[in-house]
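Student: Take a look at this one; I'll ask things after.
Values in this text are rule-based calculations from the coordinates and carry no lab data. Since we're looking at a predicted model, the values are computed, not measured. A quick note on method: Cβ atoms are made from the backbone with ideal geometry, for glycine too, and the neighbour counts reach across all protein chains shown.
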Amino acid sequence: MPWWSRHVPQVEMLSRPGCHLCDEMLQVLQGQRLEVTVRDIDAERVAGAMSEAEHARWSTEVPVLLMDGEAVARWRTDAGEVRAALAARRGAARRR
């Protein structure tokens, strides 16, 4: 598959201020040189960008790593797990 047609997953991390596990996960992600959107679930809830139900769903699971909207890791992850999740997302995109 040519490099220009490879699927690049959308990577997001659900977080909240003061979360040490969030800081740890972000360091792992930055070590992989990924473009990551960090989403503060508390700020999104206050701003009305996240429903109460969705906030309740994620509230006890942060940090949560999402790839293309699918949760692939919660609380802790390592570089190997991130690479495996990326490979799985890319493989799924190729099969479509």
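Student: What are the residues whose amide H is under 5 Å from the amide H of ALA73, where those residues sit 5 or more places off or on another chain and H is modelled from the backbone?
Tutor: Hits under the 5 Å cutoff: LEU65.
Student: Quick one: what are the phi-derived ³J(HN,Hα) couplings along region 59-75, Karplus 6.51/-1.76/1.60 with θ = phi - 60°, whole Hz, x for glycine and proline?
Tutor: 3, 9, 10, 5, x, 10, 9, 10, 10, 6, x, 9, 5, 10, 7, 10, 6
Student: Roughly how big is the chain's charge dipole about its Cα centre, with Cβ charges of +1 (Lys, Arg) and -1 (Asp, Glu), in debye to the nearest 20?
Tutor: On the way: 14 positive and 14 negative charges, 132 e Å.
Dipole about the Cα centre, nearest 20: 640 debye.
Student: Grab the DSSP H runs of the chain that are 4 residues or longer, score each as -39,500 (n - 2.57), total them, divide by all residues and round the 222 nm result to the nearest 500 deg cm²/dmol.
Tutor: On the way: 4 runs with 44 residues, N = 96.
The per-residue figure over the chain is -14000 deg cm²/dmol.
Student: Compute the Rg/Rh shape ratio of the chain: radius of gyration over Kirkwood radius, all on alpha-carbon atoms.
Tutor: Details: Rg = 14.1 Å, Rh = 14.0 Å.
Taking Rh as the inverse mean 1/r over Cα pairs, Rg/Rh reads 1.00.
Student: Hey, what do the phi angles of region 12-26 turn into as Karplus ³J(HN,Hα) couplings, whole Hz, using 6.51/-1.76/1.60 and θ = phi - 60°, x for Gly and Pro?
Tutor: Residue by residue, region 12-26 yields 10, 10, 7, 9, 8, x, x, 8, 5, 5, 5, 4, 5, 5, 4 Hz.
Student: Another one. When only C-alpha pairs under 8 Å and at least 6 residues apart count, what is the relative contact order of the chain, in percent? Don't skip to the answer; put the middle values down first.
Tutor: Numbers: 122 pairs, mean separation 36.0, N = 96.
37 percent.
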